[in-house]
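Undergrad: Handing you this structure, nothing more for now.
The values are calculated or read from the model by the stated rules, or taken from the named source; none is laboratory data. Worth saying up front: this structure is predicted, and the values here are computed from it rather than measured. Every residue, glycine among them, receives a Cβ derived from its backbone with ideal geometry; neighbour counts consider all protein chains shown. Heavy atoms of the whole protein, side chains included, go into the accessibility calculation; ligands, DNA and RNA do not. Shrake-Rupley method; radii C 1.70, N 1.55, O 1.52, S 1.80 Å.
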Amino acid sequence: MKVPQNAAWWKKFLAFVGPGYLVAVGYMDPGNWATDIAGGSQFGYTLLSVILLSNLMAVVLQSLAGKLGIVTGRDLAQACRERFSMPVVMMLWILCELAIAATDLAEVIGSAIALKLLFNIPMLYGVIITAVDVLLILVLQNKGFRALETLVIVLMATIALCFGIDLFLAKPDMGGVLHGFVPNVEILQNPAMLYIAIGIIGATVMPHNLYLHSSIVQTRQIEQTPQGKKKPFGTRPWILQSR
């Protein structure tokens, strides 16, 4: 997909929004919902600081992954293959496969549970429907990357709308929310709280998203020059520059 070269910075930014939304799907999966709901139901707003810090970590890592794909023209897997020895590469591959399997398990079971709660569809049929959905999305990808991005953006907008309605109906205590963003030493002292905090970090900072991000940014056609590779990051001081 061609990126406008002489357009305003915000148009160039919008040209890269699609890959960003595809990556954002990984931060709104059932694993995140389950750990966050468990933390909120048991400890109120206390673990909000963990969510904040883990998301800041994810922002930094995703930014680096995106820059890796744009600047080098290689995704994270290709870069690891070039830089590390074969035993290290094999270990990284095994760990990545395990992470993908664990994540997919949560997605499939979470979708099946949702179908069970919403439509009383048996779990087995829910798993089958979810698997078919994945195949349909793969077919849609063959129709063009923009079509897949559009579908994901629509789904993300729907989720955002639902979250907004939930927040409006729940009427959270804003004082408690702000206080929850301040790190609390009790998180390290309480084993149950620490356990969920580790789960929140694990559900947020996910290795497969780094591989994905460094790959899908390459769907954008940019000038293969140092200046051309800087353009996707804009020229404004509040936008990170690619060095």
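Undergrad: Give me the extension gain from Arg146 to Gln42: residue separation times 0.36 nm, minus the current Cα-Cα distance, reported in nm with one decimal. Before the final figure, lay out the partial values.
TA: Details: separation 104, 0.36 × 104 = 37.44 nm, distance 4.13 nm.
Separation in residues times 0.36 nm, less the Cα-Cα distance, equals 33.3 nm.
Undergrad: Does the stretch 1-159 come out rounded, prolate or oblate by the C-alpha gyration tensor, with a ≥ b ≥ c the root eigenvalues, rounded set by a/c under 1.5 and, if not, prolate when a/b is larger than b/c and oblate if not? Don't skip to the end; give the middle numbers.
TA: Numbers: a/c = 1.40, a/b = 1.30, b/c = 1.08.
Rounded, because the longest to shortest axis ratio a/c is under 1.5.
Undergrad: Along the Cα-to-Cβ line of Phe163, 7 Å from the Cα, sits a label point; which residues in the stretch 14-29 have backbone N less than 12 Å from it?
TA: 24-29
Undergrad: How much area per residue is accessible in the stretch 1-142 when the probe is 1.4 Å and only protein heavy atoms are counted (Å²)? Could you put the intermediate results ahead of the total?
TA: Details: 8740 Å² over 142 residues.
Per-residue value: 62 Å².
Undergrad: Please identify which residues in the stretch 194-217 have an amide N closer than 12 Å to a label point set 7 Å out from the Cα of Met90, following the Cα→Cβ vector.
TA: none
Undergrad: I've got another one for you. Just order 20-29, 98-107 by mean Cβ neighbour count inside 10 Å, highest at the front, would you?
TA: Working: 20-29: 17.6, 98-107: 14.3.
Peptide ranking by packing, descending: 20-29, 98-107.
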